[in-house]
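The values are calculated or read from the model by the stated rules, or taken from the named source; none is laboratory data. Bear in mind that the values here come from a model prediction, so they are computed numbers and not experimental data. Ideal geometry is used to build each Cβ from the backbone, glycine not excepted, and the neighbour counts take in all protein chains shown. Heavy atoms of the whole protein, side chains included, go into the accessibility calculation; ligands, DNA and RNA do not. Shrake-Rupley method; radii C 1.70, N 1.55, O 1.52, S 1.80 Å.
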Amino acid sequence: MTLDDLVIPDTRACRAALEVASAYCSPALLNHSVRAYLWAAAYASAQDIAFDPELLYVSAMFHDLGLVKEFDSHTVPFDEAGGHVAWVFAAGAGWPVERRVRASEVVVRHMWDEVNVAMDPEAHLLVYSTSLDISGRRPDTLSADLRTEVLARYPRLGLGEEFLACFRDQAARKPDSSAAAAVRQGIAARIAANPLDAYGA
């Protein structure tokens, strides 16, 4: 499998989601969001997991939008805030209510420890891909050649330090949030040891 095999769905909603993410995310956070989709799609192909590419891509673009200052909430955890943004975006995209809810669910559930693939394949895949990209979890589930190719096209750009600073800020202001739990559970050490950073900045 190569990067060219991982087709980003070319729908109006996907193009608009990338435009929104590009406008509000830092370069490092934007590349992380794109990689989150690519890792997930590659893993789904390898494991023969059927999923909705448009739903997964839109959710990947919005899964960390609650970390950026324009959408950061001082009362709502960042994953829940991002879920609300995804719902509003999906409404503007003309998605029916059920599909808006699904986008919100996928964004919120990406911070769960795990999601049953039968219950929610898109959230299952986003949990996998974001934990790989942030914490370096299970890198050998994808080939070294694919990892090299994706990281060359979408480099990390110091993501680890930026992301950890965001999580520490979230944890300080929202001690009951998922970000605070991740900080307490040692995400800093996992970020520091992420083997994906060995591929360069």
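Determine, yes or no, whether ASP48 is farther than 21 Å from ARG156 by Cβ and modelled with pLDDT under 95.
Answer is no for this residue.
Among the residues of the range 60-79, is there at least one that is over 20 Å from CYS166 (Cα atoms), surrounded by 21 or more Cβ atoms within 10 Å (Cβ to Cβ), out of contact with any Cys (no Cβ under 7 Å at 6 or more places or on another chain) and not polar (S, T, N, Q)?
no
Mind checking which helices (runs of 4 or more DSSP H) fall wholly inside the range 1-79 and carry at least 2 residues that are of a type in the set (Phe, Trp, Tyr)?
Ranges flagged: 27-47, 53-62.
Given the conditions (1) farther than 25 Å from VAL20 by Cβ; (2) open to solvent by less than 10 Å² (accessible area, probe 1.4 Å), and given that ARG137 satisfies all but one, which numbered condition is not satisfied?
Failed condition: (2).
If we scan the range 47-54, do we find a residue that is crowded, with 16+ Cβ neighbours inside 10 Å, under 22 Å from ALA180 (Cα atoms), in contact (Cβ under 8 Å) with a residue 60 or more places away in the chain and not polar (S, T, N, Q)?
No, because not a single residue in the range 47-54 is crowded, with 16+ Cβ neighbours inside 10 Å, under 22 Å from ALA180 (Cα atoms), in contact (Cβ under 8 Å) with a residue 60 or more places away in the chain and not polar (S, T, N, Q).
Consider ALA123 carefully, then state whether it is among the small types (Gly, Ala, Ser) and open to solvent by less than 20 Å² (accessible area, probe 1.4 Å).
It is true that ALA123 is among the small types (Gly, Ala, Ser) and open to solvent by less than 20 Å² (accessible area, probe 1.4 Å).
Take the residues of the range 1-29 that are farther than 19 Å from PRO155 by Cα and touching an Asp or Glu at 6+ places or on another chain (Cβ under 8 Å): which is most open to solvent (accessible area, probe 1.4 Å)?
THR11
Results for (1) touching a Cys at 6+ places or on another chain (Cβ under 9 Å); (2) among the acidic types (Asp, Glu); (3) open to solvent by 20 Å² or more (accessible area, probe 1.4 Å), shown as yes or no for each residue.
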residue: ARG153; (1), (2), (3): no, no, yes
residue: LEU159; (1), (2), (3): no, no, no
residue: GLN170; (1), (2), (3): no, no, no
residue: ASP176; (1), (2), (3): no, yes, yes
residue: VAL183; (1), (2), (3): no, no, yes
residue: ASN194; (1), (2), (3): no, no, no
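Filter the range 1-45 for residues that are basic (Lys, Arg) and under 22 Å from GLU70 (Cα atoms) and give the result.
Passing the criteria: only ARG15.
Residue by residue through the range 80-94, note down the ones that are under 19 Å from ALA181 (Cβ atoms) and open to solvent by 60 Å² or more (accessible area, probe 1.4 Å).
Result: GLU80, single match.
Pull up the range 95-113, narrow it to residues that are modelled with pLDDT of 95 or more and within 22 Å of VAL183 (Cα to Cα), then point me to the one that is most open to solvent (accessible area, probe 1.4 Å).
This residue is TRP112.
Go through (1) without any contact (Cβ under 8 Å) to a residue 24 or more places away in the chain; (2) touching a helix residue (DSSP H, G or I) at 6+ places or on another chain (Cβ under 7 Å); (3) farther than 23 Å from VAL58 by Cβ for LYS174 and report which single condition fails.
(1)
Return a yes/no flag: does the range 95-106 have any residue that is under 15 Å from ARG35 (Cα atoms) and within 16 Å of the chain's Cα centre (by Cα).
no
ASP169 - would you say it is without any contact (Cβ under 8 Å) to a residue 24 or more places away in the chain and farther than 18 Å from HIS32 by Cα?
Criteria met by ASP169.
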